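Colleague: Please see the structure below; I have some questions.
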Amino acid sequence: MTPYEVLGLPVSRQVTDDQVRSAWRRIAAATHPDRADGGDPVAYAQAAAAYATLRTATGRGEALAGLRGPPDGRVPGCPVPGRKNPLVRLLLASGLLMRHGRPARLAVRLLAVAATGTLAVAGAGWQPASLAVITGALTWLLLTGRSDLARDRRR
């Protein structure tokens with residue numbers, strides 16, 4: 001189930017913070033495990049996760065983006081519609097082609113790391129400090145670039 005379905009909200013950009021909050025409170029009051037009847041811990045956990053996703057406009061936008069995929073299930077850019085392209089399947093399996101994610105944002109991150117490394121070496125030469133800056137930039141890329149490689153948010 002999608003976060004919208006869990007909270008009983010329409011899948012729309014017009015959903016407001018107040019609508020999400022009131023839907024969460026209604027479900028939390030009915031399913032909380034501390035209720036006298038024991039509540040429904042599974043439904044409560046699902047509702048809590050849905051609320052955590054949808055409580056901000058940014059979260060709702062990301063949830064909507066994750067719900068929208070190619071309408072016919074094809075890989076974008078596949079040269080022969082309706083057929084499975086072996087090259088595209090191989091690139092998807094190897095991780096060199098992303099079906100979902102943010103390749104432009106990842107490219108900007110890569111450029112930032114390359115520029116940082118270049119400036120560090122140009123400014124200080126091959127010193128331990130410049131190597132530390134390069135290591136820090138690469139660590140930043142590994143830690144933050146993972147979200148740009150998201151394959152499929154619906155899983």
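Just so you know, all these numbers are worked out from the coordinates, no wet-lab data involved. Everything quoted here is computed from the prediction, not taken from an experiment. Quick reminder, even Gly has a Cβ in these numbers, built from the backbone with ideal geometry, and neighbours come from all protein chains shown.
Colleague: Report Rg(Cα)/(2.2 N^0.38 Å) for the stretch 3-67, keeping two decimals.
Modeller: In units of the globular-protein estimate, the stretch 3-67 measures up at 1.11.
Colleague: What full-extension length gain, to one decimal in nm, is calculated for residue 108 and residue 121 as 0.36 nm per residue of separation minus the Cα-Cα distance?
Modeller: That works out to 2.7 nm of additional length.
Colleague: Extending each Cα 7 Å along its Cβ direction at residue 25 and residue 132, get the distance between those two points in nm, one decimal.
Modeller: It is 5.1 nm.
Colleague: Measure off 7 Å from each Cα along the Cα-to-Cβ vector at residue 1 and residue 142, then give the distance between these two points in nanometres to one decimal.
Modeller: Distance between the two pseudo-spin positions: 3.9 nm.
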